[in-house]
Amino acid sequence: APGEIYNIGGTEEISIRELAEKIKALTGSSSAIKIIPYTEAFDEQFEETQRRAPDITRLQKLGYRPRYTLEETLKKIIAHHMR
């Protein structure tokens, strides 16, 4: 619909730390996860959300259903970039 905003994703809730750990595990990476304080990365008006889960209610009303889990999606993205 023109002028409408839709979140596209699944309904799985995850923190940025958990996402980083999941990507690290799926890639077999031995890299360290570096945590950068918000005060270094953003200005003082930035408000962080500790956990993220897209609200796909509007898309679901149009018949959208996620085809893949977050892990399946990450595996596909990783496989694509490993080629």
Completion exercise
The correct pair for the range 16-82, radius of gyration to one decimal and Dmax as a whole number, both in Å and from Cα atoms, is 15.7, 42
Fill in the blank from the handout: About its Cα centre, the chain carries a charge dipole, from +1 on Lys and Arg Cβ atoms and -1 on Asp and Glu Cβ atoms, whose size in debye to the nearest 20 is 620
Fill in the blank from the handout: Subtracting the Cα-Cα distance of D55 and L26 from 0.36 nm times their residue separation yields 7.9 nm
Problem - Two-site FRET efficiency, E4 against T73, from Cβ-Cβ distance with R₀ of 22 Å, rounded to 0.05 - result: 0.40
Practice task
Please give the net charge around A32, taking every other residue with its beta carbon less than 13 angstrom from that of A32, where Lys and Arg add +1 and Asp and Glu add -1.
Solution key: +2
Practice task
Order the peptides 25-34, 12-21 from the highest to the lowest mean number of other Cβ atoms within 10 Å of their residues.
Solution key: 12-21, 25-34
Practice task
List, in order, the whole-Hz ³J(HN,Hα) value for each residue of the range 63-73 obtained from phi through the Karplus relation with A = 6.51, B = -1.76, C = 1.60 and θ = phi - 60°; use x for Gly and Pro.
Solution key: x, 6, 9, x, 8, 10, 6, 4, 5, 4, 4
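List nothing, just return the count: lysine pairs in the chain, 8 or more apart or interchain, with Cα separation under 23 Å.
Number of lysine pairs found: 7.
So what is the 222 nm mean residue ellipticity for the chain from helices alone, if each DSSP H run of at least 4 adds -39500 (n - 2.57) and you divide by all residues, rounding to the nearest 500 deg cm²/dmol?
Dividing the helical sum by the residues of the chain leaves -11500 deg cm²/dmol.
Only the coordinates and a few stated rules stand behind these numbers; no lab work does. Just so we're clear, the structure is a prediction, and the values are computed from it rather than from any experiment. Note: ideal-geometry Cβ built from the backbone for every residue, glycine included; neighbour counts use all protein chains shown.
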